[in-house]
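To keep things clear, I will list the structure first and then write my remarks on it.
Each reported figure results from applying straightforward, stated rules to the coordinates on display, with no laboratory input. Here the structure is a predicted model, which is why all the values come from computation and not from measurement. All Cβ positions, even for glycine, are placed from backbone atoms using ideal geometry, and neighbour counts span all protein chains on display.
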Amino acid sequence: MLDTLKTLLRSSSHEEPLACPIDLDEAIDVLSANRRRLVIKYLANRESETSIRELSEHIAKVESTDRKSVYTTLHQLHLEKLHDTGVVSWDRRSGTVKKDSQCDVLYRVLRQAKQELAH
């Protein structure tokens, strides 16, 4: 599984090589939190930015939990980590989030991991 992850982070045989691949340890750290994985999945399927409120409502619905607690953890913990690793662009002032260069990379990793684990 780690070999698959390393290969995906370097490039994919059927897609463009990655200009600035994320470090393996950073990728594992980012993907270790379910809420960060949910952010990646949500943004990978969007072309435009979204608000933190909309994102937290989506995650709260998926998790069947309180939107306010999701909003708080996104704002105080997860979005900063995702922003620092190039997964999302986060404008704190406007409260908007959009995918950045590494979002699609980690989304491919998630899809591949799901396929690998299904076998």
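Points to keep in mind about this one:
- Selection from the range 105-119 of residues that are closer than 18 Å to Y42 by Cβ and small (G, A, S): A113
- Top-ranked residue of the range 40-77 - restricted to ones that are among the β-branched types (V, I, T) and in a helix (DSSP H, G or I), ranked as nearest to R108 (Cα to Cα): I40
- Against the test of being free of Cβ contacts under 8 Å to residues at least 40 places away in the same chain and out of contact with any Leu (no Cβ under 7 Å at 6 or more places or on another chain), the options Y71, Y42, Y107 yield a single qualifying residue, Y71.
- Filtered residue count, the range 85-114, keeping only those that are over 18 Å from T50 (Cα atoms), in contact with an Asp or Glu (Cβ under 9 Å, 6 or more places away or on another chain) and outside any loop (DSSP other than H, G, I, E, B): 1
- Flag if L74 is surrounded by fewer than 15 Cβ atoms within 10 Å (Cβ to Cβ) and closer than 16 Å to L31 by Cα: no
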